[in-house]
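Below: the structure, in structure tokens.
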């Protein structure tokens, strides 16, 4: 995919808003309210509609690295953060061990997921290597209105 296309996709999402998300504050709130976390493994039998999600980027908070992704469903954007094993990243940088699966992904890359039509927060990632994130993820606030791209085309990642 051309760099300009990837940037347009990231801008179509609330990419810059997610980059400014105070993830540390969300994590503090989530530690007191487990409803902020969704365990994707439990959603496999509760989802049906197939759409595409977009990997938005990495955020680092203290000793953790988070992979930020979002998807658009019914003109609403849903954002999430998956915590990687920071030890895995650190270990790789100091050895010849196999690199973590996410070393080869880049912002703007899309992947297939399935969502629950009645509760779009419930989703399950079906495409490798992103399926490794089918564990607890943190909801990044409430869903947001999605806006059409400047060229008038349909929102990115609404169809698989």
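Looking at region 61-76, can you tell me whether even one residue there is farther than 23 Å from residue 107 by Cβ, modelled with pLDDT of 70 or more and assigned to a strand (DSSP E or B)? Break it down stepwise before answering.
Filtering region 61-76 down to residues farther than 23 Å from residue 107 by Cβ leaves 74.
Checking the rest, the ones that are also modelled with pLDDT of 70 or more come to 74.
Next, from what is left, pick out any that are assigned to a strand (DSSP E or B): none.
The answer is no, given that none of the residues of region 61-76 is farther than 23 Å from residue 107 by Cβ, modelled with pLDDT of 70 or more and assigned to a strand (DSSP E or B).
Looking only at residues that are over 20 Å from residue 113 (Cβ atoms) and not in a helix (DSSP H, G or I) in region 22-46, which one is modelled with the highest pLDDT?
Looking only at region 22-46, we keep the residues that are over 20 Å from residue 113 (Cβ atoms), and these are 22-35.
Keeping just the survivors that are not in a helix (DSSP H, G or I) gives 22, 33.
Values: 22: 63, 33: 68.
The selected residue is 33.
Restricting to strands (runs of 3 or more DSSP E) lying wholly in region 103-160: which have 2 or more residues that are in contact with a helix residue (DSSP H, G or I) (Cβ under 9 Å, 6 or more places away or on another chain), at pLDDT below 95 and over 28 Å from residue 4 (Cα atoms)?
On the way: elements: 110-115, 123-125, 136-139.
In region 103-160, 136-139 are the strands (runs of 3 or more DSSP E) which contain 2 or more residues that are in contact with a helix residue (DSSP H, G or I) (Cβ under 9 Å, 6 or more places away or on another chain), at pLDDT below 95 and over 28 Å from residue 4 (Cα atoms).
The values are calculated or read from the model by the stated rules, or taken from the named source; none is laboratory data. Given the structure is predicted, the values throughout are model-derived calculations rather than measurements. Note that we place each Cβ from the backbone using ideal geometry, even for glycine, and neighbour counts take in every protein chain shown.
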